[in-house]
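Worksheet: one structure, shown below.
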Amino acid sequence: MKTNYLFPHSFKKGSGVLCLLSFLTFLVISVINWEQEVFQLPANVFALLFNNGLETNYFGFVENDIIDEILTSIFIICSLVFAFSKEKIEDEMVSTIRLESLVWATYVNYVVLLFCVIFIYGLSFFQVMQYNMFTLLLFFIIRFHWTLYKNSKLANYDE
């Protein structure tokens, strides 16, 4: 099976480490910044749309703390590379597991989102939508690697 859309296997380890580090850093900063803003990286950035609650600006420069944008970008890029890097042995079974995991992750992600749409309201729903940016990739990565792990244990047991 052609796998032109997959990244080389050599990208997997580095992207996995960066993905985990960015995720953990994001969690730590989220918990610490809950009461006080400790980690800040203010910068003047170009914004297509900016709303600070009082006014809305279009196509201009605004001062913004960009640490969350940096961590989010690193996490998204690294998790995409990690999720879609070739395995050491990329065969038909791995391709099938990859496809099934992607379909499964999509179903689970949207079932969870539908649940949240029905039962969560207000600003809490905005937080749910923020986390929802990451859940599809996380569900896919967890399911794909869990299934690979289970199949490797079954293969070892059969030998």
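The values are calculated or read from the model by the stated rules, or taken from the named source; none is laboratory data. What you see is a predicted model; the values in this text were computed from it and never measured. For neighbour counting, all protein chains shown are included, and Cβ atoms are generated from backbone atoms with ideal geometry for every residue, glycine included. Calculation scope for accessible area: heavy atoms of the full protein, side chains included, ligands and nucleic acids excluded. Shrake-Rupley method; radii C 1.70, N 1.55, O 1.52, S 1.80 Å.
Computed quantities for the displayed model
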{"item": "Filtered residues of the range 62-79 (kept if under 12 Å from the mean Cα position of the chain (by Cα) and either surrounded by 15 or more Cβ atoms within 10 Å (Cβ to Cβ) or part of a loop (DSSP other than H, G, I, E, B) (or both))", "result": "LEU71, THR72, ILE74, PHE75, ILE76, CYS78, SER79"}
{"item": "Selection count, the range 27-48, where residues are closer than 17 Å to GLN130 by Cβ and either assigned to a loop (DSSP other than H, G, I, E, B) or modelled with pLDDT of 85 or more (or both)", "result": "2"}
{"item": "Which listed residue is aliphatic (A, V, I, L, M) and either touching a helix residue (DSSP H, G or I) at 6+ places or on another chain (Cβ under 7 Å) or not in a helix (DSSP H, G or I) (or both), from VAL103, VAL108", "result": "VAL108"}
{"item": "Filtered residues of the range 102-114 (kept if surrounded by 12 or more Cβ atoms within 10 Å (Cβ to Cβ) and either of a type in the set (Phe, Trp, Tyr) or more than 25 Å from PHE84 (Cβ to Cβ) (or both))", "result": "TRP104, TYR110"}
{"item": "Residue within the range 82-95 that is open to solvent by 40 Å² or more (accessible area, probe 1.4 Å) and more than 23 Å from ASN4 (Cα to Cα) present", "result": "no"}
{"item": "Test: residue in the range 67-86 that is in contact with a His (Cβ under 8 Å, 6 or more places away or on another chain), under 30 Å from ARG143 (Cβ atoms) and either at pLDDT 95 or above or not hydroxyl-bearing (Ser, Thr, Tyr) (or both)", "result": "yes"}
{"item": "Members of the range 130-154 that are among the hydrophobic types (A, V, I, L, M, F, W, C) and open to solvent by less than 50 Å² (accessible area, probe 1.4 Å)", "result": "PHE134, LEU137, PHE140, ILE141, PHE144, LEU148"}
{"item": "Selection within the range 15-28 - free of Cβ contacts under 8 Å to residues at least 12 places away in the same chain and surrounded by 13 or more Cβ atoms within 10 Å (Cβ to Cβ)", "result": "LEU20, LEU21"}
{"item": "Breaking point among (1) out of contact with any Ser or Thr (no Cβ under 6 Å at 6 or more places or on another chain); (2) open to solvent by less than 70 Å² (accessible area, probe 1.4 Å), for VAL117", "result": "(2)"}
